[in-house]
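Visitor: Structure provided below as structure tokens; questions to follow.
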Amino acid sequence: MESNELNPEKSLQIISEAVRRSRREFEKNAGTPLIIWGMSILLLSLVVWFVWKSTDNPAWNFLWFSTIIIWIVFSIIDKKKEKKVKTKNFLGEIIGYVWISYGIFAIGLSAVSCFIFSENFNLNIYLSSVFLVPIIGILLGFSAMITGLLVKNLWIVIAGIINGLGSPIAFGFLDGADTTLLISIASLITLLIPGIILNLQSRKE
């Protein structure tokens, strides 16, 4: 009689196959969300830059909190998808936790900094928005790099490194409303372009 017990080699083989399957599923399904997020952040950053530049009023940075609405919409869509799909992609869940952590830090730091830099409201908003840009850029690059490493996608890893290291460097050449353009570039490098690449790769398979 054959034993149904799994030996260590067989167990590792099953685990490895499950990881590969999860990676393929993520690469197949993650392209479109990355494109949507990339386009949303890109357009929002350009709107913030334009109105801030036009009015010289940094209070327009409060528009960034509208990303919470985008996150809620995505959460509702994901829940509807989970009801249709019986099996869960555990690698996708891990990556989801990475980006949830990024969102908590980005929004949390923005909210806190708006009220602690200065007693002057406009100066407060100006300082928080300007100095937070490179920090959020680094966090975005870090999250993208982890995602790329988990799915073993070189494009996403490179995009994360470029964004994470490039944000504080580019910050030294920009000032005021123009610092918002760093977010535009970051969304293009770490979200939009990788999303397009993933979609093109999935179509070829």
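Visitor: When all protein chains stay in place, what accessible area (Å², nearest 10, 1.4 Å probe) is found for residue 135?
Guide: Number for this one is 80 Å².
Visitor: A further question follows. Using θ = phi - 60° and the Karplus form 6.51 cos²θ - 1.76 cosθ + 1.60, what ³J(HN,Hα) does each residue of the stretch 102-107 get, whole Hz, x for Gly and Pro?
Guide: 4, x, 4, 5, 5, 6
The values are calculated or read from the model by the stated rules, or taken from the named source; none is laboratory data. Values in this document were obtained by computation on a predicted structure and should not be read as measured data. When the accessible area is computed, the model is the full protein with side chains, heavy atoms only, and any ligands, DNA or RNA have been set aside. Shrake-Rupley method; radii C 1.70, N 1.55, O 1.52, S 1.80 Å.
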